[in-house]
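Asks: Starting off with a structure, shown below.
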Amino acid sequence: MSTIYTLPPVSTPASSRSDEPPTPAPSMRDQIEAGLLGTKEITVPGEKEEDKKWAYKRSVPTVVLYDEQGLRLYDEITAHASEYYLFEDELNLLKNHGDEIARSMGFPGKVSQEEDEESRQESDFDFESTNDEVPDRRWKPARWGDMAVGKFNGGVNGEEGLGNGGGTGETGWDIVELGAGALRKTAHLLTALSSALPSSPDDSTSDTASITYHALDLSYPELDRVLGEMDESFGHALKGKVDCVGLHGDYEAGLQLIREGKLGSLRDSTDSAGLSDRASIVSSEEAGMAIPSVNTNRAKEESPLLSPESARIVTPRSDIAPLPDMTEGHADLACGDASIHHGGPGSWSPVSSDDFGSRPRMDAHKTQSYYGNPTSSAQNKTTGSARPLHFVFLGSSLGNFDRESAAPFLKSLPLKNGDTLLIGLDGRPAPGPEGRKKVEVAYNDPAGYTKAFEEHGWEVVRQELRLVDDKGVEFVGRYNEELGRHEAYYRSKEAHTIYLLNNDQEVKLEKDELLNIEWSYKYSYGEALELFQRADLRIVNTWKAPDSEYRLWLLERPSVRFNENTALSVKNTASEQSRKTHKGVPSWEEWLDLWKFWDHITLEMIPKEMLHKKPIDLRHICLFYLGHIPTFLDIHLTRMTKGAHTEPEYFKTIFERGIDPDVDDPTKCHDHSEVPMSEEDWPSLPEILAFRDRVRARLRGIYDQLSSSQTPLTRHTGRVLFMTFEHEAMHAETLLYMLAQSEETRPPTATATPRFNLLARRWNEDAQENKVLSFAEGLIELGHRDLEIEDKQYLDGQGWESHQFGWDNEHPVSVQRVKAFKVDSLPISNNDYLSYLKGSGKFPQLTKDTAPASWVQPEGGHNNGEWKVRSFYGPQSFEVAGKWPLMASKLELDDYAKWKGGRLPTEAELRILWQNESGPRTSGGECNTGVKNWHPIPPTNTYTDNAGKVIHGHNGGVWEWTNTPFDGYEGFVPSVIYPGYSGDFFDGKHFVVLGGSWATVPSIAARRSFRNWYQSNYRFSFVGGRVAYDDA
């Protein structure tokens, strides 16, 4: 049996004064009366004539539906009303894909023959190394059963450290379901998770389960029933693997428990009380646990995330069982953004911000620190546990939130790196009568199960208000296609008056008057993408029902991510109460995001042995770039402020500028810094990191002065901040394509390790066919207006708030005429190029020097000389990566295009394609930019979803080559603050590259005027291409 804890409700403060008691949560009667009092304005749910028939001004809170009897009536729907497809579709998804879901969540899972082969191939690479200067991380995704990683390895092979991400004392996984769920669905998920655990001889006798399942629900009896039936029906299958715990309370109370790090305390207390064998279902007080009291009157700000209204109500028990004691040394509190401070007030460690508990503590001189106040936003707070935490939110329950409330709620979930959210979400049906009927019948089945469930809610209203002779209501509903939601109402049978006890007044209901009771929003594919983006969530994988638009989504909040909609905000000198934003200047939060990105690459992916190596001969050693980035920033901050260089000043002589030599003759190179020739002459890594931190602190001081208007934000200042930000972002990508060429590079850990075999199945199911798109002759506007010498006209923040900065080659505007042409909707893929090599007879002679640099032929082991595609997670087969866009030199892509009867597009043609309504895009939506993935993905075509939203295609996450030589537009003016940025490469050998790759930050990928360039025979960058054709 299972333990149930009643959580203290989170109260709303009565005022800002700390000495006043907080306001208690409203009772059910209060909510009912507030809804019946209604609003002055009538709500018309839509703009069509039909919508006026569904107008209302009163409502009944959804909580009346979910008392004990209501929940049992809901079970009748799911058990007998086959028209309610949401339940059955979600159940079948969990049944049929449970193992895939478990593996995607990070559980070991059942390894297929193909994945076992992939694991053995990965072990052929020598990934093992140590680095005293950077956090100790695994070199590759460790898998259960890998011989190379051993048995006592932090849990990989099941001997110890299960699921903790790094071998600390906290082992296993936590599952928190928002809502007690339906037994049949939850049981299938838990069975899949338990089956994904490794087997050991003593599993049957173990008293400590690896998984702890926490069901969070408002109803104590429902928790009691569900957990009891779970134990009775599935206890034998889950014994020794899954422990079940009930959390009696609302969403906010449960989330607050997790934010405060107390989830582990419940687990520890359960174990210490001897309840792991499910001896009884009792509250924590009845279990006899020595748990001290908790102050439940703690004031807290009103949460914006709670919808529907009932989320704050705790029913039906009123006694509060205090929670276990939280001692200072509790393991659950050993991580978090603000848990470890270095370098004085205001500093925090990005390296330890998301999973400090899984990493060794570092000496002070080795600490990698940001300089900025720790954010207090919910999405960055720690869950207080070193164990992975997986939220489960099934039944399309998010549909009960309005669209404005859904994203803030999801964003409030305290997810750290390694945690996930599994959410069920019903999609909009295809527009038209058939789709409308499907939804309406699902929510009002012919047998009347739904009607009985909904109308029972009015019985609860009667009980709460002590009604005796009211005329009653009947349930009615409809699918609102325009708003994409099903709407449920009570319709008054007769005109009658209701007395409200708490308000001491009467409310008259007219005959046929509608009272809104609930709605269920449906999300088209595009709406779901927007929802997850606003909630700061990344899609790990998704599973769709075959006969409806119902989907399960597995989501995470990566430790490295970018917000596409930010801007610098400064105090408005004209008004103390307002602030002005400047869209062209990176915000401080954007710098923090960028530094997480940069530090993840430089400190976690580069081992010590690589610091003095050149993964690409045409570039510097890796260590150079760690010094170059802060030096470049410091040089330009010094010029901007007319101040002194940060010490050591000599760094500027060796780190100021990198190299881009002639590929054919590397002795020919533009002006650049002279670097040391021997390893011992280079500065040490700790020296460089200490310098970097001092420069970051300097930048923080500048932002503090700008934000408070102590220093005016001139346009020149904005340009310097813009330029140094994008400079670092571009070098992050440069460093990544360098590292991609080395087998020593560690895989990124900022996102869930891709389960490529699972992803490949979905990619094959969603495979896109290339189309040839035609475009008529016309004009296209390239570039933008951004003349640097005009900066001196703007000596404060006035008049340039919406100005778009760019590099010198983006100015001025250039209008060009383009002849009619055709172009492929999809870029050239790895499979395409492989077909070309085989069709042209070149494949048998392929070598590492003649193959694309993004391909690799692993030596020895089980590879049999097979060509594969490079990735940071090990070489991938063409079954996995064949549909990815090919990354290669312009010359290689030119050859393919000519073989196909075409050519590469010009700069103007590519811009026409990307600005056309039917064309793909380079940012937003599904576009693979901004490190949503640390690898390419298959490209897609543009289509329209069931909400009528245009879902633009994307190219899979690569820049694209053009046939246009890199040069300035007519009227080009070189930059004053970076004179040689573009002009040094107007040599006829460099060609324009447009768009952005998976590693490109959003501010670059989204700017239409941005132009990149490489030499036509440069093989290493993340650049692909597509075929264009002259219009015959």
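The values are calculated or read from the model by the stated rules, or taken from the named source; none is laboratory data. Small disclaimer: the values here were computed from a predicted structure and weren't measured. Counting neighbours? That spans all protein chains shown, and the Cβs are built from the backbone with ideal geometry, glycine included.
Asks: Among the residues of segment 830-849, which ones are touching a residue at least 40 places away in the same chain (Cβ under 8 Å) and not polar (S, T, N, Q)?
Replies: Asp832, Tyr833, Leu834, Tyr836, Gly839
Asks: Now for a different question. Among the residues of segment 865-872, is any over 21 Å from Gly1025 (Cβ atoms), modelled with pLDDT under 95, over 28 Å from the mean Cα position of the chain (by Cα) and exposed (fewer than 15 other Cβ atoms within 10 Å of the Cβ)?
Replies: Looking through segment 865-872, at least one residue is over 21 Å from Gly1025 (Cβ atoms), modelled with pLDDT under 95, over 28 Å from the mean Cα position of the chain (by Cα) and exposed (fewer than 15 other Cβ atoms within 10 Å of the Cβ).
Asks: Looking only at segment 242-288, count every residue that is at pLDDT 90 or above, part of a loop (DSSP other than H, G, I, E, B) and surrounded by fewer than 22 Cβ atoms within 10 Å (Cβ to Cβ) and tell me the total.
Replies: Qualifying residue count for the region: 1.
Asks: State all residues of segment 1003-1017 that are touching a His at 6+ places or on another chain (Cβ under 9 Å) and either assigned to a loop (DSSP other than H, G, I, E, B) or without any contact (Cβ under 8 Å) to a residue 24 or more places away in the chain (or both); if no residue qualifies, say none.
Replies: Selection gives Arg1007, Arg1008, Ser1009, Ser1016.
Asks: Restricting to segment 714-744, name every residue that is part of a loop (DSSP other than H, G, I, E, B) and surrounded by fewer than 22 Cβ atoms within 10 Å (Cβ to Cβ).
Replies: Thr714, Gln741, Ser742, Glu743, Glu744
Asks: Is it the case that segment 819-828 has a residue that's of a type in the set (Ser, Thr, Tyr), surrounded by fewer than 18 Cβ atoms within 10 Å (Cβ to Cβ) and either over 30 Å from Glu726 (Cβ atoms) or touching a Lys or Arg at 6+ places or on another chain (Cβ under 8 Å) (or both)?
Replies: no
Asks: Would you tally the residues in segment 580-615 being among the β-branched types (Val, Ile, Thr) and either modelled with pLDDT under 95 or in a strand (DSSP E or B) (or both)?
Replies: 1
Asks: If you take the residues of segment 544-570 that are more than 21 Å from Ser520 (Cα to Cα), over 17 Å from the mean Cα position of the chain (by Cα) and among the aliphatic types (A, V, I, L, M), which of them is modelled with the highest pLDDT?
Replies: In this case the residue turns out to be Leu568.
Asks: State which residue is nearest to Glu464 (Cα to Cα) when the search covers only segment 51-86 and only residues that are acidic (Asp, Glu) and part of a helix (DSSP H, G or I).
Replies: Result: Glu68.
Asks: Just one of Pro827, Pro858, Pro852, Pro812 is touching a residue at least 24 places away in the same chain (Cβ under 8 Å) and more than 35 Å from the chain's Cα centre (by Cα); which is it?
Replies: Going through Pro827, Pro858, Pro852, Pro812 in turn, the sole match is Pro812.
Asks: Would segment 646-668 turn up any residue that is of a type in the set (A, V, I, L, M, F, W, C), at pLDDT 95 or above and either within 19 Å of Thr724 (Cα to Cα) or surrounded by fewer than 16 Cβ atoms within 10 Å (Cβ to Cβ) (or both)?
Replies: So far as segment 646-668 goes, no, none of its residues is of a type in the set (A, V, I, L, M, F, W, C), at pLDDT 95 or above and either within 19 Å of Thr724 (Cα to Cα) or surrounded by fewer than 16 Cβ atoms within 10 Å (Cβ to Cβ) (or both).
Asks: Can you name the residue in segment 428-477 that is surrounded by 15 or more Cβ atoms within 10 Å (Cβ to Cβ) and part of a strand (DSSP E or B) and, of all such residues, is farthest from the chain's Cα centre (by Cα)?
Replies: Val473
Asks: Could you count how many residues in segment 691-713 are part of a loop (DSSP other than H, G, I, E, B) and without any contact (Cβ under 8 Å) to a residue 40 or more places away in the chain?
Replies: 2
Asks: Name the residues in segment 497-536 that are of a type in the set (D, E, K, R), closer than 19 Å to Ser397 by Cα and part of a strand (DSSP E or B), would you?
Replies: Within segment 497-536, Glu518 is the sole residue that qualifies.
Listed here are the residues, each with its yes/no results for (1) of a type in the set (Phe, Trp, Tyr); (2) at positive phi; (3) in contact with a strand residue (DSSP E or B) (Cβ under 9 Å, 6 or more places away or on another chain).
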position	(1), (2), (3)
Ala442	no, no, yes
His456	no, no, no
Leu467	no, no, yes
Glu474	no, no, yes
Tyr479	yes, no, yes
Glu494	no, no, yes
Asp504	no, yes, no
Leu514	no, no, yes
Gly526	no, no, yes
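Asks: Also: State all residues of segment 478-496 that are assigned to a loop (DSSP other than H, G, I, E, B), in contact (Cβ under 8 Å) with a residue 40 or more places away in the chain and in contact with an Asp or Glu (Cβ under 8 Å, 6 or more places away or on another chain); if no residue qualifies, say none.
Replies: The answer is Glu482, Gly484.
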